[in-house]
1. Say a paramagnetic label sat at a point 7 Å from the Cα of VAL176, along Cα to Cβ; which residues of the range 104-148 have their backbone N under 18 Å from it?
2. Please compute the length gained on full extension between SER184 and GLN201, using 0.36 nm multiplied by the number of residues separating them and subtracting their Cα-Cα distance.
3. Whenever you get a sec, line up SER140, SER184, SER46 from highest to lowest accessible area (probe 1.4 Å, protein heavy atoms).
4. For THR110, THR127, give me the order by solvent-accessible area with a 1.4 Å probe, most accessible first, ignoring ligands, DNA and RNA.
5. Between GLN38 and ARG81, what is the label-point separation in nm under the 7 Å Cα-to-beta-carbon projection?
6. For the range 185-214 and the range 103-125, write down the distance between their C-alpha centroids in whole Å.
7. Could you rank VAL73, VAL162 by how accessible they are, 1.4 Å probe, largest area first?
8. Just how much of GLU150 is accessible, in Å², when a 1.4 Å probe is used and the result is rounded to the nearest 10?
Amino acid sequence: MSRAASERRAHALPPSPLALAGRPESAVDLWLGQQLRQLRKQQGRSLADVARSCGMSLGLLSQIERGLSSASVKVLHLLAREFRVSVNSLLRNAEHTEGEDDGRVARAGTHRYIDLKEKGISKEMYTPPACRSMDLCRASIEPGGSTGNELFVTGQGEQIGVVLKGSLELWVGDRVILLNEGDSFCYASSTPRRWRNPGSQTTEVIWAISNINQASGDDTQQAP
């Protein structure tokens, strides 16, 4: 077996049960994957081209971009070198800081921040590191910004949101709901959904997310 083939085999880790179910491994994997996809598209590269250059399988890279597989440290270094960015720039918005008081406090300026320019969405994750059963985040959605045209689901638990500013068009199953400033909503995390900003001003939404998997000892985090 050639060295390149050996490295590809080493990278091709077996998919997790969540990946087999078509669900993101975690919020971190989901948004990191989308940042990688955004970098690739900005540079006009195809999945096959990047996978070949990094010596990994096309399927693995596709799963990483969709958040269905976690990228190993070695894979992150390969991708960072290929896209001519630092590993730190890929991770700084996806990792928790240690926080204060054993992780029970997350100070302003230390929250994880995720910027998805391609989707017109930016998110600030307020959850302190010690919190195991809840997540709290604030999303800013530019006019026309959306999660895409396909419905998605994320694990177990429930989610509650409130529109702080602007309007939000929310698809939940086969229903479409228009939410305006001050409106609140909820749904099960397992409910197929998507959302977008149909207005002409930036929309801001706060989401509170209960993580049943985390409460039972699973570190899986969810996305709104």
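1. Only 143-148 pass the distance filter.
2. 4.2 nm
3. SER184, SER46, SER140
4. On the way: THR110 50, THR127 10 Å².
Highest to lowest solvent-accessible surface, that is THR110, THR127.
5. 2.5 nm
6. So the separation of the two Cα centres works out to 15 Å.
7. Of VAL73, VAL162, the descending order of accessible area is VAL73, VAL162.
8. 150 Å²
The values are calculated or read from the model by the stated rules, or taken from the named source; none is laboratory data. Since the structure is predicted, the reported quantities are computational estimates derived from the model, not experimental observations. When we count neighbours, we look across all protein chains shown, and the Cβ atoms used for this are built from the backbone with ideal geometry, even at glycine. We work out accessible area using only protein heavy atoms, side chains counted, and drop any ligands, DNA or RNA first. Shrake-Rupley method; radii C 1.70, N 1.55, O 1.52, S 1.80 Å.
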